[in-house]
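The values are calculated or read from the model by the stated rules, or taken from the named source; none is laboratory data. Since the structure is predicted, the reported quantities are computational estimates derived from the model, not experimental observations. Glycine gets a Cβ as well: all are built from the backbone with ideal geometry, and neighbour counts include every protein chain shown. With ligands, DNA and RNA removed, areas are computed over all heavy atoms of the protein, side chains included. Shrake-Rupley method; radii C 1.70, N 1.55, O 1.52, S 1.80 Å.
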Amino acid sequence: PGRAKRRVLLSRLFQPLTLPADGGADGGCRSQRLMLQAGLIHPSGPGCYCLLPPAVRALEKLVRAVDEEMQAVGGQKVNLPSLSSAALWRASGRWEQMGPELFRLEDRHGAGFCLGPTHEEAATELVAAQGSLSHRQLPLRLYQVTRKFRDEPKPRFGLLRSREFYMKDMYTFDASEGAARRTYGLLCDAYGSLFSRLGLRFVKVRAATGSIGGTVSHEFQLPADIGEDRLVLCPAGHFAANVETLNDEQDSCPACGEKLTQTRGIEVGHTFYLGTKYSSVFKAVFYSPENKPRLAEMGCYGLGITRILAASIEVLSTEDSIRWPRLIAPYQLCFIPPKRGSKEEGEEGAALLEQLFDHLAEARPHLAGDSVLDDRTQLTVGKRLKDANKLGYPYVVVAGKRVCEDPPVFEVWDQNANEVLFLTKEGVIELMSKVQVS
């Protein structure tokens with residue numbers, strides 16, 4: 001309260017643009033190329049990237065949406081150390097099993113550690129250390145959003161396959177196998193809800209358990225030509241699997257007999273029913289109603305946060321223009337004032353656009369900090385509009401030729417719907433009342 005409405009000026013944003021005049025076709029995949037050109041990421045080493053301010057805004061919005069979904073199913077947020085003791089990993093058998101994928105190091109005392117690629121051991125040891133967990137405290141659903149590290153042999157495609165990345169990982173503890181399987185279904189539904197909110201078409205496929213272990217596993221995949229996973233799907237929707245789970249002979253749906261179709265996908269989520277694989281090692285027990293110690297039934301659930309950012313750009317964008325899920329676009333609105341010295345500027349077009357911003361900030365306060373003003377008025381409106389299109393702001397408001405009318409009329413570009421509206425100040429405010437910001 002009482003704070004001045006600060007306009008975010010494009011010229012002041014730390015977002016070094018290298019937008020080409022006509023697309024550009026340098027190496028990598030679409031999302032990597034667009035994110036580099038738009039000043040969202042900057043390479044700092046093989047498989048490692050700096051996230052620049054607009055990308056961090058998108059990341060934080062995505063994390064808020066993930067928090068909402070996880071807390072809706074009873075998730076409690078924790079933060080586990082990135083440094084994991086080698087002793088924990090040796091106890092589970094994964095110190096040797098993970099091989100060169102683990103970043104390993106020793107402290108000054110010679111004790112071994114790894115930079116955590118995942119946290120099953122740490123989360124289970126945390127719960128086991130409590131000792132007196134009661135059945136009344138279950139189900140227990142602990143999750144975090146943290147940096148993870150994997151020594152990828154061939155990091156590529158920007159944030160789609162990197163060595164350092166953000167992940168949401170949840171570890172669940174239930175009193176019985178039936179309860180753990182209900183939790184599994186609940187978390188799969190939460191993942192589906194998240195991707196639906198983001199407007200991303202996904203498929204849930206049967207998957208291998210790999211080094212995580214357990215007996216049931218599914219991947220959430222965004223279909224994309226650039227995807228590294230090969231998927232088979234039943235045309236009627238009865239069956240979907242990663243081909244690594246099938247034998248070579250299987251080419252028809254086990255449910256209806258239809259011939260399976262093949263596609264490629266980007267894995268953005270993975271769920272595992274673990275049973276007692278880790279709770280038996282670390283003695284993660286709870287006390288039953290009869291006061292008997294019982295091993296907790298576990299599951300783990302991962303979402304690739306930075307991968308979702310890149311994958312959403314990969315599947316929604318054109319070759320030369322970013323398209324964001326509206327919910328996580330770094331800025332919802334871009335305002336483009338008239339060119340310096342133009343007729344529209346001479347007739348108070350810039351002042352009218354600023355008044356619109358002020359009225360919008362008053363009527364829709366949640367949008368005040370979600371708007372950017374392209375103050376590069378030495379450039380034509382057309383050039384700035386082209387840049388705005390490439391950067392993927394969901395809405396662009398232009399003080400064009402009709403801003404001189406009475407009442408003033410603004411051009412509003414709805415980028416995701418690919419349409420242009422001509423609206424008065426009141427019309428713009430009404431339209432923006434429907435915009436959701438995470």
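Among (1) open to solvent by less than 50 Å² (accessible area, probe 1.4 Å); (2) among the polar types (S, T, N, Q); (3) in contact with an Asp or Glu (Cβ under 7 Å, 6 or more places away or on another chain); (4) not assigned by the TED database to the domain that holds Ala284, which single condition is Ser11 missing?
All conditions are met except number (1).
When region 32-66 is examined, which residues are found to be touching a strand residue (DSSP E or B) at 6+ places or on another chain (Cβ under 7 Å), farther than 23 Å from Thr318 by Cβ and assigned to a helix (DSSP H, G or I)?
Val63, Val66
Output the number of residues of region 177-214 satisfying the condition of being within 18 Å of Ser279 (Cβ to Cβ) and either among the acidic types (Asp, Glu) or in contact with a strand residue (DSSP E or B) (Cβ under 6 Å, 6 or more places away or on another chain) (or both).
Taking region 177-214 first, the residues within 18 Å of Ser279 (Cβ to Cβ) are 177-184, 187, 209, 211-214.
Of the ones still in play, those that are also either among the acidic types (Asp, Glu) or in contact with a strand residue (DSSP E or B) (Cβ under 6 Å, 6 or more places away or on another chain) (or both) are 177, 180, 183-184, 187, 209, 212, 214.
Number of matching residues: 8.
Take the conditions farther than 19 Å from Ala180 by Cβ and either assigned by the TED database to the domain that holds Arg150 or open to solvent by 80 Å² or more (accessible area, probe 1.4 Å) (or both) and apply them to Gly265. Does it pass? Give the steps one after another, and end with the answer.
Working: farther than 19 Å from Ala180 by Cβ: yes; either assigned by the TED database to the domain that holds Arg150 or open to solvent by 80 Å² or more (accessible area, probe 1.4 Å) (or both): yes.
Criteria met by Gly265.
Out of all the residues in region 39-58, which are crowded, with 19+ Cβ neighbours inside 10 Å and of a type in the set (Gly, Ala, Ser)?
Residues satisfying the conditions are Gly39, Gly47, Ala55, Ala58.
This table checks each residue for (1) in a loop (DSSP other than H, G, I, E, B); (2) in contact (Cβ under 8 Å) with a residue 40 or more places away in the chain.
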{"position": "Ser132", "(1), (2)": "yes, yes"}
{"position": "Gln144", "(1), (2)": "no, yes"}
{"position": "Arg147", "(1), (2)": "no, yes"}
{"position": "Asp151", "(1), (2)": "yes, yes"}
{"position": "Tyr166", "(1), (2)": "no, yes"}
{"position": "Met170", "(1), (2)": "no, yes"}
{"position": "Arg182", "(1), (2)": "no, no"}
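Please note which strands (runs of 3 or more DSSP E) are completely contained in region 281-395 and include at least 2 residues that are surrounded by 17 or more Cβ atoms within 10 Å (Cβ to Cβ) and not assigned by the TED database to the domain that holds Ala179.
333-336, 371-373
So is Gly400 at positive phi, open to solvent by less than 20 Å² (accessible area, probe 1.4 Å) and of a type outside the set (S, T, N, Q) or not?
no
Taking the stated definitions as given, is Val420 in a strand (DSSP E or B), within 29 Å of the chain's Cα centre (by Cα) and without any contact (Cβ under 8 Å) to a residue 24 or more places away in the chain?
Yes; evaluated as a whole, the condition is true for this residue.
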